[in-house]
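The values are calculated or read from the model by the stated rules, or taken from the named source; none is laboratory data. Since we're looking at a predicted model, the values are computed, not measured. Here Cβ is always computed from backbone atoms with ideal geometry, including for glycine, and neighbour counts include all displayed protein chains. Keep in mind that these areas ignore ligands, DNA and RNA; they rest on the heavy atoms of the full protein, side chains included. Shrake-Rupley method; radii C 1.70, N 1.55, O 1.52, S 1.80 Å.
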There are 2 protein chains.
Amino acid sequence: MAKIKAAILGFGTVGQGIYHIVNDKKEDLKKSLGLDIEISAILINNLAKERPATPGVLVTDDFEDIINIPGLQVVFEAIVNEDPAYGYLCRAIDKGCHVITANKVMFSKYSIPLHERAKSRGVFVGYEATTAGGVPVIKTLKNLLQVNSVKKIQGILNGTSNYILTQMRLEECPFDSALKEAQMLGYAEADPYNDVSGQDAFRKLMILSALAFGKQPNWNDVRVEGITEISLEDVKKAKLEGLRYRHVAEIVQDENGELFASVGPQLVGPDHPLYAIEGVNNAVSLDTNYIGTLTLVGPGAGMYPTASVMVEDYAEIIGKRAGFMITI
Amino acid sequence: MAKIKAAILGFGTVGQGIYHIVNDKKEDLKKSLGLDIEISAILINNLAKERPATPGVLVTDDFEDIINIPGLQVVFEAIVNEDPAYGYLCRAIDKGCHVITANKVMFSKYSIPLHERAKSRGVFVGYEATTAGGVPVIKTLKNLLQVNSVKKIQGILNGTSNYILTQMRLEECPFDSALKEAQMLGYAEADPYNDVSGQDAFRKLMILSALAFGKQPNWNDVRVEGITEISLEDVKKAKLEGLRYRHVAEIVQDENGELFASVGPQLVGPDHPLYAIEGVNNAVSLDTNYIGTLTLVGPGAGMYPTASVMVEDYAEIIGKRAGFMITI
């Protein structure tokens, strides 16, 4: 049976999740795709750091070792910032590899050149994991855009912020201790700036914009506000009034095709669709012309939700290459 | 440019929706799929009944006229009951046509033989529209099942029942007048038995069961209750307590692989994920091993939502046959 050689770039929470799922689901994937997958190599930052055992896998801190693996076909990328991730993915594509990324900071900026590069090489870019974690909003949008047009997108796109707002209300604890808890649970990065400043939700909104509208608004025109200004007193006051703070990212296209986006906290009541979205969950509402409003809700962060949609991207790409998709 | 000839069986709300969308999106579909689609024929029940104009299309009450169209490739089926729909689809498949159905009564019973028949002829069966209207739960389930296993499915699967329960609460009106309103708006059939008895939700749950678990429970073992026993007094009492009635269909698989399903009304509070699902909306929650709980919410009935997902099925099938899928 033909073997697909894959590499993982970055071995943090998400990278480890990919490794586990690929190994757990090896037999199922072989059965449904007719192809065996093997994680051939893992790129890490610091060889001295302790990490889970990965028997038989090349573990290296040198990208050259990875890109030179003969017959490498798939690169999973789970690094955090623009550089060097973008450069790595360009080189992987040039070598003829499919790439599957969870890197929203990089992808929100480089989605168009990456897609063009991939197209010219006849390979695919999977990016479900960049936006809303385990919620398959990218696949759903791609499908419905074949028939529908989208007028508005609204959602909770940062699980950490929603987790912190939920804990502040439920436990009546201040921002700092809720953030610490989120970090302990692996929802927030060691540097929480991107999450709590609204920048992470903004990047995801820009990825959705590129897909839904074929373009992004001018980044400088978008008001981006985080949750750091919301005090425990604010949260308690809202609670007494039966309201909840939600951190909402939204984008609308007007009749002239112009885009208007904003990211920031909103107070919502029990009848608002985002009222019941608690903890680390994300939610995305898509307003379309034929279907109406479609909302997806699910875990916006965490090892397995994010890694799972990356392996689904793999299954889709490999199924596509073989000229079929798995159907039941 | 190659032309795809399609026929529509049944020209009620959904059939008309398909006709409109296919004509409205003709150019877009041509661009994305590289193939032109033409509705060649429409099967109706009663030639004497008034209906929208369909210039250039063969309108007939004789299925033989349709099945004998040279080069027919796609059959959209939007008929209500098992017979003669199942027989028509079998003959269409035998002729080498892809079939796309919205018929849950038929499909809940015949999904397995239809799929086997289609497989042996190398064609596809699209059935997104059978379950939860415009909510793409079938595609989402198929995708996540490539990596995840499902433990439990819970949802509001009948838009009419949810519309009636919502109106009874908001307008404080009795069941009968809420039902009449639902019929006027085209949400409920002239004979509302299937909707309000829970049978419609039950059939959809069985379709989800076949996909998620590869089997269905014994139909006679499933307790199916509708909404007809809920009085205006019940609804008012719940409202005073801050609760809402929801008609919930659910199925769980235990550790031994056994399935337990039930369909009936439940009282839910503001923190329940189904509390905010109002009007004709449907919601489906999927409990999975890696992703966790994923919930989809959207219109469960209506001309355009249902017709839209059928045209999406068409785009997916035709994209698949050409060995590619549309990606951005």
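Please state, as a whole number in µm²/s, the translational diffusion coefficient that the Stokes-Einstein equation yields for chain B at 20 °C and 1.002 mPa s, with Rh defined as the Kirkwood radius across alpha carbon pairs.
104
Between rounded, prolate and oblate, where does the range B:137-301 land on the alpha carbon gyration tensor, with a ≥ b ≥ c its root eigenvalues, rounded for a/c under 1.5, else prolate if a/b exceeds b/c?
Prolate.
Starting from a label point 7 Å past Cα on the Cβ side, list the distances from residue A:174 to the same position in the other copies, nm, shortest first.
6.0
With +1 on the Cβ of every Lys and Arg and -1 on the Cβ of every Asp and Glu, and nothing else charged, how large is the dipole of the range A:133-281 about its Cα centre, in debye rounded to the nearest 20?
That gives a dipole near 540 debye.
Out of the trypsin sites (Lys or Arg not before Pro) in the range A:7-63, which ones are loop residues according to DSSP with at most 16 other C-beta atoms within 10 Å?
A:49
With a cut-off of at most 12 other beta carbons within 10 Å, and DSSP calling the residue loop, which GluC sites (Glu not before Pro) in the range A:258-315 qualify? Please list them.
Listed in order of number, the matching sites are A:258.
Checking the table A:104/A:215; A:5/A:26; B:142/B:320; B:204/B:236; A:320/B:95; A:104/A:152 against a 18 Å threshold on Cα-Cα, which pairs fail?
In this structure, B:204/B:236; A:320/B:95; A:104/A:152 exceed 18 Å between Cα atoms.
State the percentage of accessible surface on the protein assembly as shown attributable to carbon and sulfur atoms; use a 1.4 Å probe and exclude ligands, DNA and RNA.
49
Report the extension gain between residue B:47 and residue B:171 in nm, rounded to one decimal, defined as 0.36 nm multiplied by the number of residues separating them, less their alpha carbon distance.
Gain on extension, residue B:47 to residue B:171, equals 40.6 nm.
To the nearest 20 Debye, how big is the dipole of the range A:41-137 about its Cα centre, given +1 on the beta carbon of each Lys and Arg and -1 on that of each Asp and Glu?
In total the dipole reaches around 280 debye.
Please give the helix B:159-171 orientation as an angle from the longest Cα principal axis of chain B, in degrees from 0 to 90, rounded to the nearest 10.
The answer is roughly 40 degrees.
Using amide H atoms built 1.01 Å from N in the peptide plane, name the residues 5+ places from residue B:248, or on other chains, whose amide H lies under 5 Å from its own.
Amide H neighbours of residue B:248, under 5 Å, 5+ apart: B:264, B:266.
Output the antiparallel fraction of DSSP beta bridges having both residues in the protein assembly as shown, as a percent to the nearest 5.
Antiparallel: roughly 55 percent of the beta bridges in the protein assembly as shown.
So how much accessible surface do B and A hide from each other in total, probe 1.4 Å, in square angstrom to the nearest 100?
4200
Have a look at the range A:189-229 and give its Rg and Dmax from the Cα atoms, expressed in angstrom.
11.4, 34
For chain A, what is the accessible area per residue in Å², given a 1.4 Å probe and the full set of protein chains?
Computed with neighbouring chains in place, this is 39 Å² per residue.
If you take every DSSP beta bridge whose two residues both sit in chain B, what share of them, in percent to the nearest 5, is antiparallel?
The antiparallel fraction comes to roughly 55 percent.
Answer with one residue from B:222, A:59, A:33: the one whose Cα lies farthest towards the positive end of the charge dipole of the protein assembly as shown, charges on Cβ with Lys, Arg +1 and Asp, Glu -1.
A:33
Let me spell out the model: positive unit charges on the Cβ of Lys and Arg, negative unit charges on the Cβ of Asp and Glu, origin at the Cα centre of chain B. What dipole size does that give, in debye rounded to 20?
Computed charge dipole of chain B: roughly 1000 debye.
Give the residue list of GluC sites (Glu not before Pro) in the range B:17-86 that are DSSP loop and have at most 12 other beta-carbon atoms within 10 angstrom.
The qualifying sites are B:50.
Where is the GNM fluctuation largest for chain B (alpha-carbon springs, 10 angstrom cutoff): B:281, B:143, B:256?
B:256
Along the range B:125-132, what does the Karplus equation 6.51 cos²θ - 1.76 cosθ + 1.60 (θ = phi - 60°) give for ³J(HN,Hα), rounded to whole Hz, x for Gly and Pro?
With coefficients 6.51, -1.76 and 1.60, one gets 10, x, 9, 3, 6, 5, 10, 6 Hz.
Go ahead and estimate [θ] at 222 nm for chain A from helices alone: -39,500 (n - 2.57) per DSSP H run with n ≥ 4, summed, over the residue count, rounded to 500.
-12000 deg cm²/dmol
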